[in-house]
1. Is the stretch 222-234 home to any residue that is of a type outside the set (A, V, I, L, M, F, W, C), within 13 Å of the chain's Cα centre (by Cα) and modelled with pLDDT of 95 or more?
2. Looking at (1) within 12 Å of the ligand (Cβ to nearest atom); (2) open to solvent by 10 Å² or more (accessible area, probe 1.4 Å), which one does MET175 not meet, given that it meets all the others?
3. Enumerate the pairs (first residue in the stretch 233-251 and polar (S, T, N, Q); second residue anywhere and more than 14 Å from the ligand (Cβ to nearest atom)) with beta-carbon separation below 8 Å, excluding pairs fewer than 6 apart on the same chain, so at least 6 apart or on different chains.
4. Within the stretch 209-258, can you find the residues that are away from the ligand (no atom under 15 Å from the Cβ), over 21 Å from VAL280 (Cβ atoms) and surrounded by fewer than 18 Cβ atoms within 10 Å (Cβ to Cβ)?
5. Condition first: open to solvent by less than 10 Å² (accessible area, probe 1.4 Å) and not in a loop (DSSP other than H, G, I, E, B). Now tell me which residues in the stretch 261-296 satisfy that.
6. Among the residues of the stretch 107-150, write down those that are within 15 Å of the ligand (Cβ to nearest atom) and touching a residue at least 60 places away in the same chain (Cβ under 8 Å).
7. Answer yes or no: is there a residue in the stretch 68-87 that is closer than 12 Å to GLU100 by Cα, without any contact (Cβ under 8 Å) to a residue 60 or more places away in the chain, in a loop (DSSP other than H, G, I, E, B) and open to solvent by 60 Å² or more (accessible area, probe 1.4 Å).
8. Look through the stretch 187-207, keep the residues that are among the charged types (D, E, K, R) and away from the ligand (no atom under 15 Å from the Cβ), and return whichever of them is nearest to PRO219 (Cα to Cα).
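The values are calculated or read from the model by the stated rules, or taken from the named source; none is laboratory data. Because the structure is predicted, anything quoted here is derived from the model rather than measured. Cβ coordinates were reconstructed from backbone atoms using ideal geometry, including for glycine residues, and neighbour counts include every protein chain displayed. When the accessible area is computed, the model is the full protein with side chains, heavy atoms only, and any ligands, DNA or RNA have been set aside. Shrake-Rupley method; radii C 1.70, N 1.55, O 1.52, S 1.80 Å.
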Amino acid sequence: MVQQMLLNKQEIIRLLSDEQHEQQLWEQADRVRKEAVGDEVHLRGLIEFSNICRNNCLYCGIRKDNKSVCRYHMTEEEIVSTAQKAAQMGFKTIVMQSGEDMYYNKERMSRIIEQIKKFDVAITLSIGERTYEEYKAFREAGADRYLMRIETTDKELYHKLDPNMSWQHRYECLMMIKELGYELGSGIMVGLPKQSIESIADDLLFLKAIGVDMAGIGPFIPHPQTPLAKEQGGTLELSLRTMAVMRLLMPDINIPATTAMESLHPQGRIKALQAGANVVMPNVNSGEYMKLYELYPHKPIEGFTQSDIVKKIESIGRCIGQGYGSHQRKNKI
Ligand code: 5AD
């Protein structure tokens, strides 16, 4: 059995703050990752199928009030055929992500899920806050996992950054998703304006307390067409330390090397894979849509077939996961 570390808040704060020994922290997380989940890196094919969003999160490039975005949503046929292509390329998980676009109502979304399910893939949804009935219908249609970041557990900060949204409601959505038997993914951004190290420590303890199956942690990157354009943003190093501590706290969960890390450094995802991460989510959209789904600037635009991510993964002694890459619990929580 892999021992999870029982770090308290003070110890987490110390690890997050210790720039001098960060290399040791990353190496420790890498060892814990190897022991708990092995050397396989699971690839998820990401389809960003709509950049239309009813929300106005201050940090996000596709917020409703950003009038410079050229909005798109893919048709049912486009989404299904993109998923089919991804499945033929060998992806065993399809992640369907979009802004909160109500065009994809219960019926339409369920139909898409049912069709994609025929390709023998696991399906992850990342489409935001919905009703219990919708979550239930999507689950029954065949969705396996759901991804929704809590973004921050600092409620005051959350309400400042996500106007007209409720932290409590988001939390309740996460609980509904869990109750319906989805594998639950959540996560946070690192380096939000006025976010303290203590608050990040609280975030990590929160993700552990709700028992996530997957935790996505990435730096906040200011987008020029948002109210936070002039903010500093998060660093790669603090994001990697945060991700590494997450691995120590929950050794057997899935942790993606996030694209936002790659935006800050050309080897960002590889560094993440060597500091606790075991999942990569390459984009399988066409280049045109990829450019329009800009949550933050300098997002790497790569076609998966042309990308060297597989070679990079193998060059650091890791292998590509052949199964669905579901979370296998090794510890009783
Ligand atoms: N920088 C980094 N991450 C961002 N996200 C949204 N906007 C940004 C940004 N400017 C993240 C949020 C969201 C996920 C899909 O992308 O955490 O949940």
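1. Scanning the stretch 222-234 turns up no residue that is of a type outside the set (A, V, I, L, M, F, W, C), within 13 Å of the chain's Cα centre (by Cα) and modelled with pLDDT of 95 or more.
2. Result: MET175 fails condition (1) only.
3. Within 8 Å, the pairs are THR242/LEU16; THR242/LEU204.
4. Matches in the stretch 209-258: ALA209, ILE210, GLY211.
5. MET261, GLY268, ARG269, ALA272, LEU273, VAL279, VAL280, MET290 - these are the residues of the stretch 261-296 that are open to solvent by less than 10 Å² (accessible area, probe 1.4 Å) and not in a loop (DSSP other than H, G, I, E, B).
6. Within the stretch 107-150, THR124, GLY128, ARG145, LEU147, ARG149 meet the criteria.
7. The answer is no, given that none of the residues of the stretch 68-87 is closer than 12 Å to GLU100 by Cα, without any contact (Cβ under 8 Å) to a residue 60 or more places away in the chain, in a loop (DSSP other than H, G, I, E, B) and open to solvent by 60 Å² or more (accessible area, probe 1.4 Å).
8. Among those that are among the charged types (D, E, K, R) and away from the ligand (no atom under 15 Å from the Cβ), it is LYS194.
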